[in-house]
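Everything below concerns the one structure shown next.
The values are calculated or read from the model by the stated rules, or taken from the named source; none is laboratory data. From a predicted model like this one, the values you see are computed outputs, not experimental measurements. Ideal geometry is used to build each Cβ from the backbone, glycine not excepted, and the neighbour counts take in all protein chains shown.
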Amino acid sequence: MLNYGSCLCKRVRYEIDGPLKDVLNCHCSMCRKLHAAAFRTRASVRTKHWKTVAGAEFIKFYESSPGEHKAFCSECGSSLFTKFDRHPDWLGFPLGTLDSDPGVKPTRHVFVKSKAPWFDITDDLPQHDEFWER
């Protein structure tokens, strides 16, 4: 399945030609701050399936913790993906910049111990205090 998306200013555009795996809602404080929201909905995607089709020169990186590099548009600040030194074949991909329907939905909430106190989880998805591998 081909998915495509862009940053807010449309300078960075990308395609994902492969499956989105392990879709979840992360409530950790870093995801909340990075996305200025109660949580981040993200998937895992193989690095080989990501293609930047425009605006590569606008993609900048921030090392949020040792070995984790957050990619963002240097013009508008949109979060694009996370690359991992320990897992170079995978990207963490926030679904918020998609322009297409990915055909997937979150399967669980993680780091709910860190969730924003002003947000109530109202769905029936499993909740985990820490990260939980499937």
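Examine region 47-59 for a residue that is closer than 15 Å to Val23 by Cα, over 16 Å from the mean Cα position of the chain (by Cα) and among the basic types (Lys, Arg), and state whether such a residue exists. No; the residues of region 47-59 include none that is closer than 15 Å to Val23 by Cα, over 16 Å from the mean Cα position of the chain (by Cα) and among the basic types (Lys, Arg).
For region 85-125, a tally of residues being buried (at least 16 other Cβ atoms within 10 Å of the Cβ) and closer than 25 Å to Asn3 by Cα returns 14.
Residues that are free of Cβ contacts under 8 Å to residues at least 24 places away in the same chain and of a type outside the set (Lys, Arg) number at least 3 in the following strands (runs of 3 or more DSSP E) confined to region 1-72: 59-65. Looking only at residues in region 69-80 that are surrounded by 19 or more Cβ atoms within 10 Å (Cβ to Cβ) and in contact with a helix residue (DSSP H, G or I) (Cβ under 9 Å, 6 or more places away or on another chain), the one that is farthest from Cys9 (Cα to Cα) is Lys70. If you filter region 19-37 down to residues that are surrounded by fewer than 18 Cβ atoms within 10 Å (Cβ to Cβ) and farther than 22 Å from Cys73 by Cβ, you find that the one that is modelled with the lowest pLDDT is Ser29. Is there a residue being over 29 Å from Gln127 (Cβ atoms), crowded, with 17+ Cβ neighbours inside 10 Å and either among the β-branched types (Val, Ile, Thr) or touching a helix residue (DSSP H, G or I) at 6+ places or on another chain (Cβ under 8 Å) (or both) anywhere in region 45-62? Yes; the residues of region 45-62 include at least one that is over 29 Å from Gln127 (Cβ atoms), crowded, with 17+ Cβ neighbours inside 10 Å and either among the β-branched types (Val, Ile, Thr) or touching a helix residue (DSSP H, G or I) at 6+ places or on another chain (Cβ under 8 Å) (or both).
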